[in-house]
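First up is the structure itself, then whatever we jot down about it.
The values are calculated or read from the model by the stated rules, or taken from the named source; none is laboratory data. Everything numeric here is computed off the predicted structure, so don't read it as measured data. Heads up, the Cβs are rebuilt from the backbone with ideal geometry, glycines too, and the neighbour counts pull from every protein chain shown. For accessibility, only protein heavy atoms count, side chains too; no ligands or nucleic acids. Shrake-Rupley method; radii C 1.70, N 1.55, O 1.52, S 1.80 Å.
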Number of protein chains: 2
Amino acid sequence: MATCSVPLSRLARSLPSSAIRDLLRLVDRPDVISLAGGLPAPDLFPAERLAEAASRAVASSGRLGPPALQYGTTEGLAELREVVRTWSPARSADDVLVTTGSQQALDLVAHALVDPGEVVVVERPTYLGFLQAVAPCEPRVVGVGSDRDGMRTDELEERLRSGLRPSLVYVVPSFANPSGATLSDERRRHLVDLAERYGFAVVEDDPYRELGIDGHPPAPLGTSSDAVVTVGSASKVLAPGLRVGWAVAPKPLREALVRIKQARDLHTPTISQAVAADVLGDGDFMASHLATLRDGYRTRRNALSAALARAFGDALHIDLPAGGMFLWACHPGLDAAALLPAALAQGVAFVPGVVFGTGDEAHGLRDRFRLSYATATPAELIEASGRLASAVGEVRSLP
Amino acid sequence: MATCSVPLSRLARSLPSSAIRDLLRLVDRPDVISLAGGLPAPDLFPAERLAEAASRAVASSGRLGPPALQYGTTEGLAELREVVRTWSPARSADDVLVTTGSQQALDLVAHALVDPGEVVVVERPTYLGFLQAVAPCEPRVVGVGSDRDGMRTDELEERLRSGLRPSLVYVVPSFANPSGATLSDERRRHLVDLAERYGFAVVEDDPYRELGIDGHPPAPLGTSSDAVVTVGSASKVLAPGLRVGWAVAPKPLREALVRIKQARDLHTPTISQAVAADVLGDGDFMASHLATLRDGYRTRRNALSAALARAFGDALHIDLPAGGMFLWACHPGLDAAALLPAALAQGVAFVPGVVFGTGDEAHGLRDRFRLSYATATPAELIEASGRLASAVGEVRSLP
């Protein structure tokens with residue numbers, strides 16, 4: 001085993017409050033190729049089309065001025081809610097609440113559904129941003145195992161049978177962060193069935209849904225049950241800087257979300273909403289843009305996985321994702337958190353798997369790595385793989 | 001007394017959760033001239049300059065793409081934090097946290113500073129949005145009287161001497177919503193002195209500061225003490241649709257605010273931040289734009305107050321504000337909440353004073369009206385005054 005200049009326990013302790021922030025800081029060092037953040041590829045932003053939409057939004061007029069500039073309702077701009085309906089399981093625009101990024105949707109749903117001491121079930125590994133959103137509600141977080149087909153719903157059912165009574169179960173069902181896994185159609189049906197049988201809400205966080213590299217994921221869980229809240233985002237298909245997300249929820253819950261959001265920020269910036277409505281609602285443009293995105297991420301995923309295979313051979317196990325932004329890798333016997341300082345010294349950043357676990361269960365993820373192929377260019381991804389291999393060689397050769 | 005088709009008690013009960021939202025809905029009826037909302041004048045938006053800034057922001061580039069489109073840090077864009085420094089009591093850009101509108105700053109400050117059962121002091125009348133932001137923290141809200149010179153700090157001192165121990169005191173010190181009052185220089189010094197002596201935080205909510213019609217307000221409280229958190233906004237000087245606000249706070253509190261915000265929405269839309277930084281940072285443009293704004297609001301204020309004087313004579317007492325967006329009026333003996341349905345039937349909306357009080361104290365505001373002159377044109381303001389007088393005549397003539 002390597003020496004460990006960042007003790008695991010200390011890293012884990014510091015995470016709940018500052019993990020994403022600290023990750024965003026790692027990417028600021030110009031000598032570091034970052035596979036750490038989940039930042040979309042800058043060269044794939046539809047910047048021209050967004051600029052056109054921004055000009056149009058500010059120039060448009062209404063009785064109270066350009067809707068993009070004036071105060072709006074908490075629920076969101078009518079045009080955007082209508083467009084989101086077509087991108088989500090919503091049956092009507094009324095089902096849609098526009099949020100300030102999907103992070104806010106997670107924050108609102110957590111505060112509406114979870115009281116202190118209640119059980120929240122997540123996948124192991126799970127998305128950090130949700131753990132941060134739910135933490136102020138003081139839940140008991142329980143991890144359920146997952147594999148290439150997503151959450152092990154058989155394991156969940158066993159826990160339910162043994163008396164576990166969660167308020168909600170949180171899943172990232174398509175091309176998950178961090179695992180890249182996609183919940184199978186069979187397990188989707190199973191999860192919805194369990195939700196209805198045991199009376200819990202499913203929070204379906206689906207920001208990567210349109211980024212299928214090897215085909216589309218199964219239909220969203222939200223289409224089949226009122227026990228599901230579907231959370232979506234324009235961040236991965238347009239640009240995260242807009243901070244446009246949404247929650248699709250049945251009426252009583254949606255009204256609770258609106259009340260909480262109103263006190264939080266009144267409403268999501270109308271300028272962002274108008275831009276998102278314009279571009280997401282342009283079907284021809286989006287068809288072509290999504291094809292470009294999928295091609296771009298396919299090239300990157302393949303470049304990184306091939307380079308890692310060349311650099312590591314069989315030592316590194318990679319779960320090749322069918323879409324999204326992340327490779328989930330495992331180097332048996334290697335402590336990924338302990339490797340991080342050496343990797344940064346070599347000029348490459350990643351996120352140790354332990355970050356994505358909950359409590360003691362996190363320990364089981366310590367030989368795991370989340371490697372994002374979204375931000376760097378294919379050439380940088382190849383260079384990064386070499387640097388990572390050098391860092392591993394370095395820590396392995398230490399006494 | 002008039003008949004009362006909306007019972008006061010019912011109106012008051014429904015307010016904490018839905019007041020601003022319901023007010024925003026009132027303005028949607030095209031036959032109603034709304035003096036209810038606090039929406040800036042649509043004809044005074046600097047739409048062209050904002051459009052220019054939006055195009056520039058999306059076209060600008062960085063290592064990770066246009067900063068306006070990419071994820072950013074929770075603290076905010078460096079350029080905007082630097083510009084806000086010059087618009088606020090901040091000593092350095094580091095003191096500034098960018099928020100999703102000033103509403104979010106109030107939400108964050110409330111959650112960082114107030115635990116259940118703790119005392120929060122507000123002016124009577126106070127801003128509704130703060131009451132909504134602080135409500136989830138379950139404080140005991142105590143109102144302290146105010147007059148034309150803002151909060152009665154002598155009354156506050158008396159309460160402190162009698163043992164009141166607030167966690168924070170909330171004031172809108174310049175051209176307040178709803179009273180239009182401006183806290184005098186002497187009371188500002190007194191309030192800061194009390195804060196330091198009794199160990200509470202002052203939350204200075206200052207969105208109207210630049211809208212002085214008859215001159216500038218005294219220096220912000222935040223310049224004189226670390227016990228003060230200053231909250232500001234681009235909503236009234238540029239456009240509310242950007243949802244760009246900020247909090248200027250000493251380091252330990254600021255770090256707590258950042259942690260809460262990160263879980264709430266990761267960061268404020270970078271597109272809004274880039275636009276605000278560009279325009280607020282353009283000194284020549286802002287000098288001319290603020291002169292236009294002040295002229296525009298002066299014309300409106302004068303049109304409304306003159307028309308009300310013609311329509312009501314001495315029956316309506318008006319506190320003429322020296323800036324901002326609101327006339328605070330009193331019609332002794334008239335129940336403003338009871339008047340509202342008749343006023344809406346006549347095609348004019350306003351906000352009954354009782355909305356801005358807390359608990360039982362609200363009763364003392366029942367003959368008060370908040371009349372916004374910001375949104376309607378001068379001609380509409382004159383028409384609205386006539387409609388309001390008709391509504392009063394109607395309810396007065398009921399058996």
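Worth a mention:
- Residue match in region A:87-98 (condition: at negative phi, within 14 Å of chain B (Cβ to nearest Cβ) and modelled with pLDDT of 95 or more): yes
- Test: residue A:59 is more than 7 Å from every other protein chain (Cβ to nearest Cβ), farther than 17 Å from residue B:269 by Cα and modelled with pLDDT of 85 or more: no
- Tally of residues being out of contact with any His (no Cβ under 9 Å at 6 or more places or on another chain) and either over 17 Å from residue B:206 (Cβ atoms) or in a strand (DSSP E or B) (or both) across region B:82-106: 7
- Residues of region A:243-260 satisfying the condition of being facing chain B (nearest Cβ under 10 Å) and touching a residue at least 60 places away in the same chain (Cβ under 8 Å): A:243, A:244, A:245, A:256, A:258, A:260
- Which numbered condition residue B:357 fails, given (1) touching a helix residue (DSSP H, G or I) at 6+ places or on another chain (Cβ under 8 Å); (2) of a type outside the set (S, T, N, Q); (3) more than 28 Å from residue B:213 (Cα to Cα): (3)
- Listed by position, the helices (runs of 4 or more DSSP H) inside region B:147-265 whose residues that are among the acidic types (Asp, Glu) number at least 3 are B:153-161, B:185-198.
- Subset of region B:205-253 that is of a type in the set (Lys, Arg) and open to solvent by 10 Å² or more (accessible area, probe 1.4 Å) - its residue that is farthest from residue B:126 (Cα to Cα): B:251
- Residue in region A:120-128 that is open to solvent by 10 Å² or more (accessible area, probe 1.4 Å) and either more than 26 Å from residue A:351 (Cβ to Cβ) or among the polar types (S, T, N, Q) (or both) present: no
- Matching residues in region B:266-307 - criterion: being within 14 Å of another protein chain (Cβ to nearest Cβ), open to solvent by less than 30 Å² (accessible area, probe 1.4 Å) and part of a helix (DSSP H, G or I): B:270, B:271, B:272, B:273, B:274, B:275, B:276, B:277, B:279, B:289, B:293, B:296
- Residues that are more than 15 Å from residue A:215 (Cα to Cα) and open to solvent by less than 10 Å² (accessible area, probe 1.4 Å), drawn from region A:178-187: A:178
- Against the criterion of being free of Cβ contacts under 8 Å to residues at least 40 places away in the same chain, more than 26 Å from residue A:135 (Cβ to Cβ) and open to solvent by 20 Å² or more (accessible area, probe 1.4 Å), residue A:92 qualifies.
- Counted as qualifying within region A:313-395 are the strands (runs of 3 or more DSSP E) with 3 or more residues that are surrounded by fewer than 20 Cβ atoms within 10 Å (Cβ to Cβ), namely A:317-319.
- Filter pass, residue A:202 being in contact with a strand residue (DSSP E or B) (Cβ under 7 Å, 6 or more places away or on another chain) and surrounded by 24 or more Cβ atoms within 10 Å (Cβ to Cβ): yes
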